[in-house]
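The values are calculated or read from the model by the stated rules, or taken from the named source; none is laboratory data. On a predicted model such as this, the values are computed, not experimentally measured, just so you know. A quick note on method: Cβ atoms are made from the backbone with ideal geometry, for glycine too, and the neighbour counts reach across all protein chains shown. Note: accessible area is taken over every heavy atom of the protein model, side chains too, but ligands, DNA and RNA are not part of it. Shrake-Rupley method; radii C 1.70, N 1.55, O 1.52, S 1.80 Å.
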Amino acid sequence: MVLDVLEIMKRIPHRYPFLLVDRILEMDTDNLTIKGLKNVTANEEFFQGHFPGHPIMPGVLIVEGIAQCLGVLVMDNAGEKVPYFAAIENVKFKAPVRPGDQLIYEVKVDKIRRNIVKATGVAKVDDKIVTEVAFTFTIMDK
């Protein structure tokens, strides 16, 4: 299943400038996996200050993009619910992400129990892992 940005915005509450997923490339609701894409452009607001003359995408935003993909996967038909981080673990930043890069997010749900979701994910540029993370979030009422 491929989703464009309009379909993504129907599933998660994030909006510009904090929507960090441009497209869902693959989504498997049976195996609870998802693959998303973010085109990193030079005009992103965070590049103005991170870092002038040496633009690097902040790692926390890469982790957020991975989590937003997970949200797209698990928030379908969630109604008035919102996903909140409960834990972020084992984060590794392996390479910087720069303007012109295309981030590919890959996320797999490890466990869902009631309103708690545990998952692992990676972000890749040119098939090389630049970030990996394990996280837990809880789905709650707005």
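Computed quantities for the displayed model
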| read-out | value |
| --- | --- |
| Close pairs (6 angstrom Cβ cut-off, 6 or more residues apart or separate chains): farther than 15 Å from Val122 by Cα and open to solvent by less than 50 Å² (accessible area, probe 1.4 Å) in the stretch 31-44, charged (D, E, K, R) and part of a loop (DSSP other than H, G, I, E, B) anywhere | Val40/Asp101 |
| Of all residues in the stretch 118-142 being without any contact (Cβ under 8 Å) to a residue 40 or more places away in the chain and not in a loop (DSSP other than H, G, I, E, B), the one that is least open to solvent (accessible area, probe 1.4 Å) | Val125 |
| Residue satisfying all of: in the stretch 88-117; within 14 Å of the chain's Cα centre (by Cα) and open to solvent by 70 Å² or more (accessible area, probe 1.4 Å); farthest from Leu73 (Cα to Cα) among these | Gln102 |
| Counted residues, the stretch 1-21 - those being open to solvent by 50 Å² or more (accessible area, probe 1.4 Å) and either assigned to a loop (DSSP other than H, G, I, E, B) or basic (Lys, Arg) (or both) | 9 |
| Filter pass, Lys38 being assigned to a strand (DSSP E or B), under 21 Å from Thr136 (Cα atoms) and at pLDDT 95 or above | no |
